[in-house]
Each structure stands twice: as C-alpha cells, then as structure tokens.
Amino acid sequence: MNSQHEVMKLESRVRRTALRSLLLAGFAMPWLFGRVVHAQRMNSGSLLSLNDMVQPIVKGAILLNKDLQIEAPLLADNGSLVPIQIQVQSPMSAQDHVTHIYLLSQRNPVTQMAVFQLGPWNGRAEVSTRVRLAGTQEVVALARLSNGEFRYKQMEIIVTESACVDAS
Amino acid sequence: MNANLNSEVSKADANADANADANADAIADPIPKKGGIDRRHFLKVSGTASAGMSLGFFLPERAHAADTPQLNVWIEIEPNNTILIRYARAEMGQGSMTSAPMMIAEELEADWKKVRVEYATAHENLRTKRAYGDMASVGSRTIRHSQEYLRKAGATAREMLIVAAAQKWNVPASECKASLSRVTHAPSKRSLTYGQLAVDAAKLEAPKTVQLKDPKNWTLIGKSIPRVDIPEIVLGQRSYGIDTQLPGMLHAAVAACPVFNGKVKSLDASKVENRRGIVKVLNMGEFVAVVADNWWRAKEALREVSVEWDVGEHGTLTSAAIMAHFKAGMEQSELAVARNDGNTVEALSKSAKVVEADYFTPYLAHATMEPMVCTAWLQGDKLEVWSSTQNPEATLAVSAATAGVPQANVKVHPVQLGGGLGRKSPQDFTRQAVMIAKAMSGKPVKMLWSREEEIQHGLYRPASLMRFKGGLNANGKVEALHIRVSAPSILATLLKLPLPRGVDGQAVASFNDHPYDIPNTLVDYAQRNTNVPVGFWRTVGHSQNPFGRECFIDELALAAGKDPVAFRLDMLPNNEKSKRDRSILEAVTKAAGWGSQLPNGVFRGVAETEGYGSWTACVCEVSVNAKNEVKIHRVVIGIDPGYAVNPDNIVAQFQGSVVHGLTAIFWGENTIKEGRVEQSNFHDYRMMRLNEMPKVEVVIAPTGGFWGGVGEPAQAPLAPALVNAISAAMGKRIRSLPLKNHGLTLKVS
C-alpha cells in the first residue's frame, strides 16, 4: 500500500471532519479555522492537519485508521484536565505488539502530548492519562506496531467555553 | 445535510420520545409549574407536532432518524399555526431568549404573536452531536456568534414552506411570498398558513443555500419586542434555579474553607447531628455540607458544626501584601509584551512633556441576586441536574465527571438564572452539588449557597494595578504611550490555558487594541497571581482597564490644554480602524450637548471604548458638594452594536449596566485579611439603592455591517466618564476605585 497516498486520503477525511463539525456547530465555531476577525482568544494556536500531526512520527510508513479506540468525554468543561483512555487491538506477543502510543494535539503549543512505550510484557495495549487541551480540537491517538506500521484514531473533544472573554 | 422528515417518521419519533419521557417523568416529575418550561406540555406539543412540521437547519444525524425521537432542532410548526422556536443558551435577564429567536422568526417570516420559545437542553445537544452549537451565555456573544446560523435556519424553513405552497398550487415558487406565517400567491389571490403547509414542507429536501434578507427589509429585527419572559416574571411564575422543587428533596448548605484552597482538617458535628430535620453532615474535604429537610435548618446547623480548617500557607495574606506583590510586578525585569509600536521608551525620553500615573481597581465579587444554586439527583448511574448555569454543556461535563457516570446518562434541565454576571459560567458550585448528591445517592438534593458563601468564595474580578506614561510633543500631540499592567491572569489560573507570549488578553484588554493614533505604544504585562481566585466578572478586563485608559487620556488632554472630546477626536483618524470609535463618540457627545453651557458647579466627563464587538461612549454630568456627595445630573451612554436587534432590550441592558457599574464604582471592593475576604454580605458589600439611581439616556447608534455584543459593553465607558467628571468637579484626579475610599458618596436624587 502506498502510505503517502493513504495519508493524503486521511487528510481529506480530517478536512471533511472539520467541515462537518463546523456544520454541526452551526457555524458557532468559525475560529476553528482561525481566519475570522472575531477570533476566539480562549483557543490558542492554529489547527494542524492530520498529516502535520502524524508525519513527524510516521515518516511515510504505513498508517491505517483501525484497531484503536479512544475513550474520552465528548465535552470537557475546561481543557485543563481531560481524562483519556486508549486501547489498541494487539496480541502483544513478542512477534506482534504495540511499541509506542502517541497522543497528539491538533492545537496545543506542543503537539505531542504524551508518548507511552509498550512491549509484550504489558499484556494489553491500553493506557489512560489526563491531558490539557487548548480548546476544542481533534485529538489523535497513534500506535506504532512492532512491524513498523502505524495505526491511528481521532476524536473531537469539545472544550466548552465558560468565559466572558471579549472575542472581538 | 438531510433536513427533511416525513410525518410518519415524526410520529414514530414523537411516540418514542413520549414513552421515554413518560418513564422519566414517573421518577423525576418536578412539581408542576404554572408556566414556563412544563415538560408535560412539551410532550403534548411534541405529540401534536407529529402532524405538523419540524424544520431544522442542522440535522446531520437525520440518517439515523430512528434513533432521534426528538423532532427537530430549532423550529416546529403546529397545525394551529403556533410556531415553537428553540433557544439554546441561558437566560439570566440579558434578554437573548427573545432576541435569538427573533433571528429565526425574521427569516422565517413568522407571525411573532404566535411564536412560543422553549429551551433546548444540553443533553439533547450532546445526543445530536451539538446540533444546537455552543450553548454558553458568555462574552456578550449569543447574538453575534449565532445570528448567522439562526437566520439561516429560519430562511431554510421559509423556503421549504414556499415550495410546499407552490407545489400545491402548481405555480412557480418565485411567484409566492411568505409573510406573517402565511404563503401567498398574489396572481391567483390564494394563500395558506404555515400550519396548513407544514406537513408537506417537512417532506421536502432542505435547500442547500438560502438567501438571507437584506437588513433594510427586516420587519422584526430592529423593533422593540417585549421580552418573552416578562409575563411570567411579572406574575411570579418564572422558575429560577432556586425555585426547583422535587418530591422528597433534601436541602444542603455548604461552607468552604474561609481561606481559599484550604481543606477540612477535622469536624465535630455532635452538636447538630440529632437536631430535628438534620439528615447528614458531610466532610467533603474541600468543604463541609449539612443536609437537612429544609435549607434554613441546614444553614443554621452549619454555623454550629465545629470545623478545624487546614488553611495551608495562605492564612496570612492581606490586601497590603497583594498590593506589594503587584508593585513588585511593575519593577520586574521580564515582562510579557502585548503591543509594541514604534520605540516607546525612546520617544518618551524625547517628549516635551511626560505625564505619569498609577491606577488601581479592586477585587470584586459578583453578588448575583440568586446565589449559587444547583439541584442534583443521582439514581444509580443516571443523573439529573437543575443548575443556575450560564453554560449547560459545562454543567453536563462537570456533573458527569463528578458523579462518575457517562455523559449520555446526565440530564441538565434548563432553569432561569437569577443573574449570572459571569459567576455562573465556571462550574465549581455544580461540582459541589453533585458531590453532595452522590453522597446522598437516590435523593434529590438542592444545594444553595448563603450570601456570605457567595461573597467570600467568589471568582473575583482581578484587582489590577496599571501604570501609564504618556509623552506629548510641544504641540500637545501624544507621541508615546506606555501602559504596564500588574495583575493576576484569569486564563492562566482559572482555565489553566497557555498564554500566547505570556499575555492574558483580558488583563490588557482595551490597551493592546486602543484605537488612538499614537505612533509609539508599548503595553506590557506582569502576571501576578495570588491565592485569591479570579474569574469573569461581567465586562471582565473592559470593566476596569478603560477606567485607567480613558481617565489617563483626560490627564493627557489636560496637560495639552485641550478639550477632552476634541483631544480624542484628533487622535481618532477617520479611517476603517477608528471610524466607529469616532462615530459613537460624536453621537453620544452630540446627544449630551457637549460644549454647551452647564449650570455653576456642574461638570462633564467623557469616555469612549470598544469591546465585545461593539463601540460605546458615555458622558456624565456631576456636581460634588462640600460634603463630598456626588450628584449625578445626567448619564448619556451610547452604543454602536452594528445592528440593534431589540432596541428596548439594549436600553434595559444599559440601564442595568449602569446600576451594576455605579455599585462597583462607588462601593465595590473585596479586601483580604488573614487570607480571607473581609466582606460578607450587603452591609459591607453595598449595592446601589433605588433612590440613588440617576436617569440613564441611552443612545443607540448602529452603523450596520457587523454584529456586536450588548450585555457587557456598557460598563466600559461608565467608570471613566463618571470619574473624569468627578475629577473635573473636584479639581483633583481620582485614580482608584471604589470612590468610597476617597470619601465620596452618591447623593440621593
């Protein structure tokens, strides 16, 4: 499989997803694209594409959107403490296991929020943690497999904005 | 987008909804209300509406209609021509429960007399993957952030109704017009009501694009429409969060450690445990709660629970220490730079005249009329919450996390807020209520804060020290302005957000974006956090920074020997950036008769500000007598919000803002001693009284082409305009608030 081609497809998926969330939000989140005059100051940074998020790690290797599950609240009252759990389907055998799980942020100043190293000794490829999110965004969980391939899953987490910030 | 829905599906959905909700009612039926959001009535409506029409603009999940028993998002039309419009934000007196539905009704060409408004809920929003968008009522942004999708929702429905009529008559849709909930075909003189067309219209595909009306053709937007909640408020039927009543409900009074962030070390409840009505005394670690059969018993017992607090290291904090902390910020070497035009330091060194001044604004509690209140009921893994919240989605998120139940299991019932003022957007109180409900699992518990708890455990407007240096050239033109702010950061401490370049935009609001043509401007910021928690107090940074900015501009005008209005206009070029500052200043000063002769002893003050997407200006006329009593002769205050959606509501918001603002300007101050807030109730945290209120003249000067906020901007120009007038009257510059600390009182009119 041409991994570059795969990523291109994925990227357009992210665009579609972003577009869809824009529609879902009823245009309430024009700042999602960061190009509207009334940019919301609650959110810092701009949104990365999936490609920008994963390629520094994936470096062109095979990347598929499967085998991962993210468990996290759809709504977070603020971004300072968001619980998140990742599961990867893997036998976790010496021959076939997950070596790393990356948690990537689309908007945070630091994209790579966390890296977990795993091996067959873990038995299960499952991690849970808490992350900080600088506003509503797609979070990507990326797993590196022992054969050098990658799996990923993305999830939009909405950080509600309980703030009388002046968005002008 | 798939917004059509045939009536068969609607019916099935409505039945499913009715069954689901009927079951819910069996366990959670609030005491029936005389008016307002009555679930039974809602069910009935949902049922009848199956024969009617549901039109939603955003129904991305309609492919799964079978899972979507709720008929629709924004609009339902009943056969009797009643139109139900949903409102997805909170109502706390700001009036957007009327003005947001006006957006939909305008484009729908609805007969407003037959429009009924009902709340959307956070749990429905979650279930429909946010079909209603953002639900928070914060940042004066309900209209400006939702007007586009609300108007499109109305326009989409209108087009579908027109097409339905055209198909029925077999005429081109372009020959049909919609008006007052009726589609008319003029050539054949036929017409049908929306109620008659709704079923057919709902079967149509929603148009992908719609044409919004030209503002000059608006028939509803721009008219003073009475608020939809007025009748219930006047009749005492409106149900506020504090009015929530549930069968078998318990009541909780709470006390947190008087020193912020302290913890319970030990508690002895033996004196009250066996008292009549006392159900339980809870040590929640961060606070103590007494649960009883009524709130008064809980509150009285709480006073006699003996609590030893672990106050940590903050038990000695004082206002003086905080001021020293801010002053040290003024001298610190590393500062975050919020704006840097030209070379301010150099320009100041070359100025013919340099003016310097420090301004200070204090911590302020919100003192909402209704203190924090939240009712929560945990049954197994199902949770229902009735919270006076400005952000129902945040309430849902916090409730689920606190109770440890899935978000899908939480219902957040909308209630009217008895004032919000920014205090009810953070969810600390909802969290407390859910913690208590968890401890009392199975029983509904209403937690209500006392006034003392509200004033002593606020999320205060940050105190702020501001230093201004202005340089004038020989002609009295301002060449350089340096503003340094030393203050806590709300975004860094409350929301724990990363600050771009170390700058909290709220701490430097109105400085980093001042409109004046000053070639050298430097704005820098020392983030000086303390143990006093800070939050969003209505108008936030714009409630305090314009006081410094616009008073200092007056000081510069005085130094230049120029009239304050002419001085400002000279610095506001008539370009795109400053044209609205200029036009609102001109409109308000004209209405106030700036420059005309005043009676002896009466002085004027002026200020011009911008914030929340709107432009504002204010002129005050005052006199100060020998007893230091300030008589306010006139308050002329104006706004350019782009479009004035509901002018009478703007007037109401401005009058309310003047009440709120004058209260803060004259008396508002929270001071810290031994790590705690010294004030506790209205005897020492004074509110303005009815007979102290001056007449407010509101100038609404919309210039069109943009949508600005209305709920908050009015406070921005009030303090500087008033204090400029008082300083002129006294011949002495006032540079800190509140005015009571300068020996000034407000003369009863």
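The values are calculated or read from the model by the stated rules, or taken from the named source; none is laboratory data. Keep in mind that this is a model prediction, so the values were computed, not measured. In this analysis, Cβ positions are derived from the backbone assuming ideal geometry, glycine residues included, and neighbour counts consider all displayed protein chains.
So here's what we get for this one:
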{"read-out": "Residues that are part of a loop (DSSP other than H, G, I, E, B) and over 21 Å from B:GLN506 (Cβ atoms), drawn from the stretch B:314-349", "value": "B:GLY315, B:THR316, B:LEU317, B:THR318, B:SER333, B:GLY342, B:ASN343"}
{"read-out": "Matching residues in the stretch B:133-148 - criterion: being among the hydroxyl-bearing types (Ser, Thr, Tyr) and within 7 Å of chain A (Cβ to nearest Cβ)", "value": "B:SER146"}
{"read-out": "Restricting the stretch B:588-604 to residues that are of a type in the set (A, V, I, L, M, F, W, C) and buried (at least 20 other Cβ atoms within 10 Å of the Cβ), the residue that is farthest from B:LYS732 (Cα to Cα)", "value": "B:VAL588"}
{"read-out": "Residues (among the hydrophobic types (A, V, I, L, M, F, W, C) and over 30 Å from B:SER388 (Cβ atoms)) located in the stretch B:133-166", "value": "B:ALA155, B:ALA157, B:MET160, B:LEU161, B:ILE162, B:VAL163, B:ALA164, B:ALA165, B:ALA166"}
{"read-out": "Some residue of the stretch B:619-628 being hydroxyl-bearing (Ser, Thr, Tyr) and over 24 Å from B:MET730 (Cα atoms)", "value": "no"}
{"read-out": "Filtered residues of the stretch B:585-615 (kept if within 14 Å of another protein chain (Cβ to nearest Cβ) and either among the polar types (S, T, N, Q) or farther than 19 Å from B:ASP640 by Cα (or both))", "value": "B:THR609, B:SER614"}
{"read-out": "Contacts under 7 angstrom Cβ, first residue in the stretch B:582-599 being more than 20 Å from B:GLU550 (Cα to Cα), partner modelled with pLDDT of 95 or more, 6 or more apart", "value": "B:LEU598/B:ARG604; B:LEU598/B:GLU621"}
{"read-out": "Of all residues making up the stretch B:554-566, the number that are touching a residue at least 60 places away in the same chain (Cβ under 8 Å) and not in a loop (DSSP other than H, G, I, E, B)", "value": "6"}
{"read-out": "Pairs with Cβ under 9 Å, 6+ apart, first in the stretch A:93-107 and surrounded by fewer than 22 Cβ atoms within 10 Å (Cβ to Cβ), second modelled with pLDDT of 95 or more and of a type in the set (Phe, Trp, Tyr)", "value": "A:HIS100/A:PHE116; A:LEU103/A:PHE116"}
{"read-out": "Test: residue in the stretch B:357-372 that is within 29 Å of B:GLY561 (Cα to Cα) and among the aromatic types (Phe, Trp, Tyr)", "value": "yes"}
{"read-out": "For A:LEU50: the one exception among (1) surrounded by fewer than 17 Cβ atoms within 10 Å (Cβ to Cβ); (2) more than 30 Å from B:ASN409 (Cα to Cα); (3) modelled with pLDDT under 95", "value": "(1)"}
{"read-out": "Boolean, A:GLN85 is surrounded by fewer than 21 Cβ atoms within 10 Å (Cβ to Cβ) and either modelled with pLDDT under 95 or within 14 Å of another protein chain (Cβ to nearest Cβ) (or both)", "value": "yes"}
{"read-out": "All positions within the stretch B:473-502 that are away from every other protein chain (no Cβ under 14 Å) and in contact with an Asp or Glu (Cβ under 7 Å, 6 or more places away or on another chain)", "value": "B:ASN473, B:ARG484"}
{"read-out": "Residues of the stretch B:503-540 satisfying the condition of being more than 30 Å from B:GLY315 (Cβ to Cβ) and within 14 Å of another protein chain (Cβ to nearest Cβ)", "value": "B:VAL503, B:GLY505, B:VAL508, B:ALA509, B:SER510, B:PHE511, B:ASN512, B:ASP513, B:HIS514, B:PRO515, B:ARG538, B:THR539"}
{"read-out": "Enumeration of residues in the stretch B:417-445 that are under 24 Å from the mean Cα position of the chain (by Cα) and of a type in the set (D, E, K, R)", "value": "B:ARG423, B:LYS424, B:ASP428, B:ARG431"}
{"read-out": "Residue count, the stretch B:410-426 (criterion: within 12 Å of another protein chain (Cβ to nearest Cβ) and of a type in the set (S, T, N, Q))", "value": "1"}
{"read-out": "Count of residues meeting criterion [of a type in the set (Gly, Ala, Ser) and farther than 21 Å from B:PRO647 by Cα] in the stretch B:217-243", "value": "3"}
{"read-out": "Every residue from the stretch B:368-379 that is touching a Lys or Arg at 6+ places or on another chain (Cβ under 8 Å) and not in a strand (DSSP E or B)", "value": "B:THR368, B:PRO371, B:MET372"}
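Yes or no, residue by residue, for (1) under 28 Å from the mean Cα position of the chain (by Cα); (2) touching a residue at least 24 places away in the same chain (Cβ under 8 Å):
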position: B:GLU334; (1), (2): no, no
position: B:ARG339; (1), (2): yes, yes
position: B:THR344; (1), (2): no, yes
position: B:LEU348; (1), (2): no, yes
position: B:LYS353; (1), (2): no, yes
position: B:PRO362; (1), (2): yes, yes
position: B:ALA367; (1), (2): yes, yes
position: B:GLU370; (1), (2): yes, yes
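Here is a yes/no grid of residues against (1) in contact (Cβ under 8 Å) with a residue 40 or more places away in the chain; (2) buried (at least 24 other Cβ atoms within 10 Å of the Cβ); (3) within 14 Å of chain A (Cβ to nearest Cβ); (4) among the polar types (S, T, N, Q):
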site: B:ALA88; (1), (2), (3), (4): yes, yes, yes, no
site: B:GLU91; (1), (2), (3), (4): yes, yes, no, no
site: B:TYR119; (1), (2), (3), (4): yes, no, no, no
site: B:GLU124; (1), (2), (3), (4): yes, no, yes, no
site: B:ALA131; (1), (2), (3), (4): yes, yes, yes, no
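Here is a yes/no grid of residues against (1) more than 38 Å from the chain's Cα centre (by Cα); (2) among the polar types (S, T, N, Q); (3) modelled with pLDDT of 95 or more:
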| residue | (1), (2), (3) |
| --- | --- |
| B:LYS168 | yes, no, yes |
| B:VAL171 | yes, no, yes |
| B:SER174 | yes, yes, yes |
| B:SER179 | no, yes, yes |
| B:ALA186 | yes, no, yes |
| B:GLN196 | yes, yes, no |
| B:ALA202 | no, no, no |
| B:PRO207 | no, no, no |
